[in-house]
Structure formats: structure tokens, C-alpha cells
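The values are calculated or read from the model by the stated rules, or taken from the named source; none is laboratory data. For clarity, every value in this text was computed on a predicted model and none was experimentally measured. Note that we place each Cβ from the backbone using ideal geometry, even for glycine, and neighbour counts take in every protein chain shown. Note: areas computed on protein heavy atoms with side chains; ligands, DNA, RNA excluded. Shrake-Rupley method; radii C 1.70, N 1.55, O 1.52, S 1.80 Å.
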Amino acid sequence: MTTSEQIKQLRDLGAATVYEAQGAKGALDSGMKPIDPTVRLAGPAFTVDARPADNLILHYAVQKAKPGDVLVVDAKGFMEAGPWGDVLTIQAMKLGIAGLVINGCVRDANLIIDLGFPVFCRGLSIKGTGKNQPGKVGVPIAIGDVLIQPGDIIVGDRDGLVVVAQGDVETAISSSLAREAKEEKQRKAIDEGATTAELLNLTDTLKRFGLV
């Protein structure tokens with residue numbers, strides 16, 4: 001079981017560091033971005049399989065998710081509807097939901113940003129949705145080429161989103177901390193006059209291409 005301290009560590013480490021530290025895997029595609037680039041997000045995925053242009057299952061999901069969960073919704077990448085807005089945001093915040101990741105669009109972006117609720121999506125759409133299709137919760141979903149299991153940890157910030165499997169959390173944290181320590185040494189070395197080419201052992205490669 002992932003602890004609240006581990007969740008905080010992953011959020012503070014950031015998506016890019018965690019992605020690289022776990023072997024360059026788990027990154028969602030670059031089309032998934034925060035509507036407010038200042039937010040940071042981490043928490044276990046409460047997965048939702050939604051039908052395009054229908055948000056009935058989202059009204060159900062906010063009632064079933066636990067405090068601290070991240071709603072991770074596959075809305076099939078549909079761009080011509082905004083199945084999430086300010087009203088659902090207010091309810092989700094009242095219930096302690098940590099944020100939303102949706103493979104689709106949202107609307108009421110300014111209000112959501114003012115509320116401080118982390119939302120990652122493909123874009124914005126003012127168009128409304130139906131409330132007729134049941135969908136599913138707590139099932140494996142795929143966003144792009146990344147499979148997300150219920151309970152996997154989602155880490156997101158301005159750089160993007162990465163998924164950490166439940167069983168990989170401890171390793172991801174330890175590897176991320178080691179990576180941060182290494183990069184801190186590199187920053188110090190650069191400050192003292194070293195070059196990135198030297199630190200990354202790129203000199204021979206540059207010579208081979210006649211660049212030095």
C-alpha cells in the first residue's frame with residue numbers, strides 16, 4: 001500500500017525525474033497537459049472508462065472515489081465536448097479528490113484554475129454532453145500507449161504525466177532520489193567550470209562527427 005509520505009515524495013520529485021528514474025517508461029503523451037501549469041499532482045488512479053460526449057459515469061465516479069484519489073478518465077480523446085466543468089470540480093474537491101486526468105476535454109477552465117483543482121486534459125471544449133451511457137469504473141484503461149491499472153500512482157506537473165505501477169513505487173522513489181543527487185553534482189561541477197559534454201562523456205562522440 002502506497003503511503004501518503006510516498007505520494008508526497010513523488011509529487012515533489014516531479015514527473016520528468018520519476019519518468020527517467022524508472023527507465024524512461026510510463027509517460028503519457030505530450031498532448032496531456034495541465035490547464036494550470038503551476039499545479040502539481042500525485043495520487044492513486046481511480047480509473048474511469050467513459051463514452052465520448054457523455055459524462056454520466058463521471059457523476060458516479062466522484063461518489064465512489066476515495067479522498068486522495070486521482071480520477072483518471074479515458075474519454076477516448078474526444079475533443080468536441082467538455083464532460084467536466086466547475087460543478088463537478090466543486091463536488092470532487094468537497095470529497096477530497098486530488099485531481100483529474102482526462103483523455104478528452106474540460107470546460108470552465110478559469111473557474112477550475114481559480115479553485116486550485118489540478119486538471120490534466122487534451123484541451124478545452126465549451127460543448128455539452130449527454131448523461132445516458134453507463135461506462136465503467138475501477139477497470140484497466142489505456143491513454144495512448146500507456147496502460148493504467150486501478151491504484152497505479154499518477155504523477156503530474158507542468159512537464160507532463162507519468163504512471164508508476166503500485167509495485168514499483170519504492171524503487172521509483174529511490175531511483176529518483178539517486179538521480180537528483182547525481183544531477184546536483186553535475187550542476188555543481190558546471191558551476192565550477194565543467195561542460196555537459198565532459199560530464200556525459202560525449203567528447204569522443206563529438207570528435208567522431210568532427211564537431212571538436
What are the ³J(HN,Hα) values, in whole Hz, obtained from phi via the Karplus relation 6.51 cos²θ - 1.76 cosθ + 1.60 with θ = phi - 60°, for each residue of region 147-163 in sequence order, with x given for Gly and Pro?
8, 10, 8, x, x, 4, 8, 9, 10, x, 7, 4, 6, x, 10, 9, 10
Using a Gaussian network model on the chain with a 10 Å cutoff between Cα atoms, which of E192, E80, E20 fluctuates the most?
E192
Once both labels are modelled 7 Å past Cα along the beta-carbon direction, what's the K188-S174 spacing in nm?
2.3
At a threshold of 8 angstrom on Cα-Cα distance, excluding pairs fewer than six apart, so keeping six or more, what relative contact order does region 123-205 reach in percent?
12
Can you find, among I35, P118, W84, the residue farthest towards the positive end of the dipole of the chain? Put +1 on the C-beta of Lys and Arg, -1 on that of Asp and Glu.
W84
Quick one: which residues, 5 or more positions from I143 or on another chain, have an amide H under 5 Å from its amide H? H modelled 1.01 Å from N in the peptide plane, none for Pro or chain starts.
I148
Just the number, please: carbon plus sulfur as a percent of the accessible area of the chain, 1.4 Å probe, no ligands or DNA/RNA counted.
53
Treating only Lys and Arg (+1) and Asp and Glu (-1) as charged, each at its beta carbon, one finds that the chain has a dipole about its Cα centre, in Debye to the nearest 20, of 420
How far apart, in nm, are two points set 7 Å out from the Cα along the Cα-to-Cβ line at M1 and at Q149?
1.8
Assuming R0 = 30 Å, can you tell me the calculated FRET efficiency for the pair K131 and R40, based on Cβ-Cβ distance, to the nearest 0.05?
0.40
In whole angstrom, largest first, the equivalent ellipsoid semi-axes that the Cα gyration tensor gives for the chain are 36, 18, 16
Interchain or long-range residues, amide H under 5 Å from V137's placed H:
D49
Under 19 Å from a label point 7 Å along Cα→Cβ of K66: give me every residue in region 77-93 with its amide N that close.
92-93
Counting heavy atoms of the protein chains only and a 1.4 Å probe, report the per residue accessible area for the chain as a whole number of Å².
52
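Given the -39500 (n - 2.57) contribution per DSSP H run of 4+ residues, what per-residue ellipticity at 222 nm results for the chain, rounded to the nearest 500 deg cm²/dmol?
So the helix-based figure for the chain works out to -10000 deg cm²/dmol.
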